[in-house]
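The values are calculated or read from the model by the stated rules, or taken from the named source; none is laboratory data. None of the values given here were measured: they were computed from a predicted structure. FYI the Cβ positions are ideal-geometry reconstructions off the backbone, even for glycines, and counts take in every protein chain you see. Please note that ligands, DNA and RNA were not included when accessible areas were found on the heavy atoms of the full protein model with its side chains. Shrake-Rupley method; radii C 1.70, N 1.55, O 1.52, S 1.80 Å.
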Amino acid sequence: MYEPNDGDEPLAPGATGFVEVGSLAQLPAGASMRVTVGASELLLVNLGERVVAIGDLCLRCSRSLSTATLSGCMLTCDGCGWKYDLEHGCVDGLPKLQTEVHGVSVDEDRLFVASAIAAPATVP
């Protein structure tokens, strides 16, 4: 169901560039989960066959996207109605307006997010 990380070896909890943020048990298909990595607020979204991580704030109204509505790969902000295409990391209809996107790796049911920050993640 989920693609493992690209490397041949399992991703260790302290792997360079990745921070463990939770498990698939916390993020069933169709669900989202807000996490903090260092000073960054991120939103993890389980699209069914893969998990994506984007910046948690709407680019238009600055509202948290953790309350947004998910339909397929489109996330609609509850504050202003802007739609985010999670497949392409942009605002729907505005492909040059990109949202913050972070790589995600799933390894043995554990979720890791690519980050230059070595601080541990927290779930609010």
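I'm trying to understand the selection: among the residues of the range 68-97, which are within 14 Å of the chain's Cα centre (by Cα) and in contact (Cβ under 8 Å) with a residue 12 or more places away in the chain? Lay out the reasoning, then the answer.
Step one: list which residues in the range 68-97 are within 14 Å of the chain's Cα centre (by Cα), which gives 68, 70, 73-75, 84-90.
Once the filter is applied, which keeps residues that are within 14 Å of the chain's Cα centre (by Cα) and in contact (Cβ under 8 Å) with a residue 12 or more places away in the chain, the range 68-97 yields 68, 70, 73, 74, 75, 84, 85, 86, 87, 89.
Can you list the strands (runs of 3 or more DSSP E) lying wholly within the range 54-101 that have 1 or more residues being under 14 Å from residue 44 (Cα atoms) and touching a helix residue (DSSP H, G or I) at 6+ places or on another chain (Cβ under 9 Å)? Spell out the reasoning first.
Details: elements: 69-71, 74-76, 83-85, 94-98.
Answer list for the range 54-101: 74-76, 83-85.
Condition check ((1) among the charged types (D, E, K, R); (2) loosely packed, with under 13 Cβ neighbours inside 10 Å; (3) modelled with pLDDT of 95 or more) across all residues:
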{"residue": "46", "(1), (2), (3)": "no, no, yes"}
{"residue": "50", "(1), (2), (3)": "yes, no, no"}
{"residue": "64", "(1), (2), (3)": "no, no, yes"}
{"residue": "68", "(1), (2), (3)": "no, no, yes"}
{"residue": "78", "(1), (2), (3)": "yes, no, yes"}
{"residue": "95", "(1), (2), (3)": "no, yes, no"}
{"residue": "102", "(1), (2), (3)": "no, no, no"}
{"residue": "108", "(1), (2), (3)": "yes, yes, no"}
{"residue": "115", "(1), (2), (3)": "no, no, no"}
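Say whether the condition of being touching an Asp or Glu at 6+ places or on another chain (Cβ under 6 Å), at pLDDT 95 or above and open to solvent by 20 Å² or more (accessible area, probe 1.4 Å) is met by at least one residue in the range 2-19.
No, because not a single residue in the range 2-19 is touching an Asp or Glu at 6+ places or on another chain (Cβ under 6 Å), at pLDDT 95 or above and open to solvent by 20 Å² or more (accessible area, probe 1.4 Å).
Test residue 23 against the stated conditions and say whether it is out of contact with any Phe, Trp or Tyr (no Cβ under 7 Å at 6 or more places or on another chain), open to solvent by less than 50 Å² (accessible area, probe 1.4 Å) and modelled with pLDDT of 95 or more. Reasoning before the result, please.
Details: out of contact with any Phe, Trp or Tyr (no Cβ under 7 Å at 6 or more places or on another chain): yes; open to solvent by less than 50 Å² (accessible area, probe 1.4 Å): yes; modelled with pLDDT of 95 or more: yes.
Yes: the conditions hold for residue 23.
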